[in-house]
Structures are given as structure tokens and as C-alpha cells.
């Protein structure tokens, strides 16, 4: 006999009837969330049920945070929040805006915001927002506005004196003067005299700086600005011909040529953005080195077992030209062998005399004999 499906008890069925399809799916752990329940009221057709709010659930709205109530009622947070807003129920912990009376409003602007907040029992931010809403000025503003009479002093007196007279900070006076585009009447920059300018380039920048009481960088900047060179420079200037040598060989080799250090050559090359030249490594000859250029790359590959690319790279590394590929003999060239002397035939065919002699010996062709040739003609 087939086992019939287990029917849940009546209280469970009543509870499930109040839940939506998604909540039943989550509660029972079903994977197919598109499952629908059928009932006799719909004649076996698929229908979607909406879980209605009960009176007990509505009474709980606003008594606790929406997220906590959603977990308790097994509803979503958005559903609880939407129902609460629809019922015009304030959220839990919400404090309505403060109602200001005439006595409290009269204190705004007459006392500092912090003192007013302490008297009426609210925050200083709330007092400041209410005061700005009513457009009342602050009794002790944090930002002090510049007046026309104060701005007239800028540029006429030093910044320190203006700050002392107006009771402002030195930084505030300097910023205001720079924004107005006014120059400092007593700048700290020391002007160069004609006597100091004449001394530029006569001695080193450091020594001249110690003499006239200036820094070496200031002396160097003024000298370069006027285009004055040192009479006895300790630094060697790079020429165009020396710059063109950089990168053509290793830094140590160029340093030996120019008579300077390798560090100076390296720094100059970095400054000009020239890539380094690889240091030449000692060339080790392989066992098949004597065959390079004598035999073709294909023949060396067959004898040594190396790849053709390796043989080609080794040959280029030592600057050896490739061996000429073998020139095959044609039939018309073979027919001419022995009809003329070997030297004459070599010039005619563009081959060496030894090649013609070897080919004749290989095919058994006798050498040219003018006596036998004339006898045959007779």
C-alpha cells in the first residue's frame, strides 16, 4: 500500500495560512521559491496569499526598532517600516523637534550659544541652527571680519606691527595682505648690491657665501641667473662629444676613456635617459667553433646536434659570416668539363679551379688535351 502524505495538524495549518509563500519557503527550507499553495477556495488553481497584519502586530509598531521587530514578527524590515509610516506611528527613540518659547528665543544672540544651550537644556548645535534660522548675529563670532580702516593699514606698515595694532595673528595679516595683492613694505629678502654681484664667479659659491653672509645656494642661484661661470670650477662640464659616447659602451670603459669615475658616467647617463650598455662578457668558444663559416649552418647542425638558431646566434656573436651554400652542378655545365683547360673553364663558369678538378675526378672526365683534340678533328 502506498503511504499517504502526512497532513499537518490544524493549528499548524492555521499558522501557515497567515504566512506568505516566500516566508513558508524560507521556513520549510524549500529550494524552489516559486512554489504556490492551492486551496479549495480557488478550485485547485495556484494563488498567491498576502500575509495581513493582525491587531497584536500593529500594537507592537514603534515600541522597538524596526529591525528588531521584523525579526520578531518574521517580516522584512521594509515591510515593518512601510506599515509604521502608513499608520503614522513614530519610530522608536524618535524625539520630536523642540518647541521654542519666547523667553528662550530672546536669549539667542544676546549670550554665547554654549551658555544658552546650558540654560535651556539642549545642544549648542541646536541653538546655532535656531539662531541662523532667525538670522540673528552671534555675540562673539569666531570669524572676525576685516573693516575698511583695518585694510588701509595693510602694506603701509610691517605685518608684525599691523598684527599688534589690530590684535590679530601674524598669519592672518599675511594672508589678508597676499589676497589683496599688496607687497610687504619691509621684506625680509636681502637685495644684492653691485659690489656683491662683481664678486660672483671669482671664488667658489660656498666661500663667497661665507664672505658676504649668504648661503651657498643663494649665491649659486644668483650666479646662474646672471649667466656667470666660475673662473676655477671644480666640476667638469660635459661636452656634446662626451654625451654622444654615453651608452655606446659600458660605463667603466667610457670612464677610462674620459678620465673620470664610473659613478659620474652613470649619473650623467641617467640624467639624459640613455639606456645602459651591457658589459661585455668573456666569449667562450664551443667545440664546434672551428666549423663556423667553413660549413653551412645545416651541416653543422647535423654534425653537432645543435639547433640552427643556436648556431646562427653563436656565429653572429663572434662576427663570423655564414658559409656559402653549395652550388649544384647543372647538366650543361658537366658537359663542358674537359672541353677546355680547367683555368679557362673556371673563369667561364664562375667557379674555382679546385672545384672543377674535383668534379671532373668524381665523374671520371679526363682533363683537356689539345693534341688528342686536334687528332679527333682530323
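If you go through segment 200-239 and keep only what is part of a helix (DSSP H, G or I) and within 40 Å of the chain's Cα centre (by Cα), you end up with 216, 217, 218, 219, 220, 221, 222, 223, 224, 225. Here residue 209 does not qualify as at pLDDT 85 or above, over 27 Å from residue 271 (Cα atoms) and surrounded by fewer than 16 Cβ atoms within 10 Å (Cβ to Cβ). Whether a residue is touching a strand residue (DSSP E or B) at 6+ places or on another chain (Cβ under 7 Å), surrounded by 12 or more Cβ atoms within 10 Å (Cβ to Cβ) and not in a helix (DSSP H, G or I) was assessed, and residue 182 passes this test.
Screening residue 341 on (1) under 30 Å from residue 290 (Cα atoms); (2) over 60 Å from the mean Cα position of the chain (by Cα); (3) at pLDDT 85 or above shows it passes everything except condition (1). Please find, within segment 240-272, the residue that is surrounded by the most Cβ atoms within 10 Å (Cβ to Cβ) out of those that are under 36 Å from the mean Cα position of the chain (by Cα) and not in a helix (DSSP H, G or I). Once the filter is applied, the top-ranked residue is 246. When every residue of segment 129-137 is checked against the conditions, at least one turns out to be farther than 30 Å from residue 58 by Cα, touching a helix residue (DSSP H, G or I) at 6+ places or on another chain (Cβ under 9 Å) and loosely packed, with under 10 Cβ neighbours inside 10 Å. Would you please name the residue that is surrounded by the fewest Cβ atoms within 10 Å (Cβ to Cβ), looking only at residues in segment 138-178 that are at pLDDT 85 or above and touching a strand residue (DSSP E or B) at 6+ places or on another chain (Cβ under 8 Å)? Ranking the qualifying residues of segment 138-178, first place goes to 165.
The values are calculated or read from the model by the stated rules, or taken from the named source; none is laboratory data. What you see is a predicted model, and the numbers here were worked out from it, not measured in a lab. All Cβ positions, even for glycine, are placed from backbone atoms using ideal geometry, and neighbour counts span all protein chains on display.
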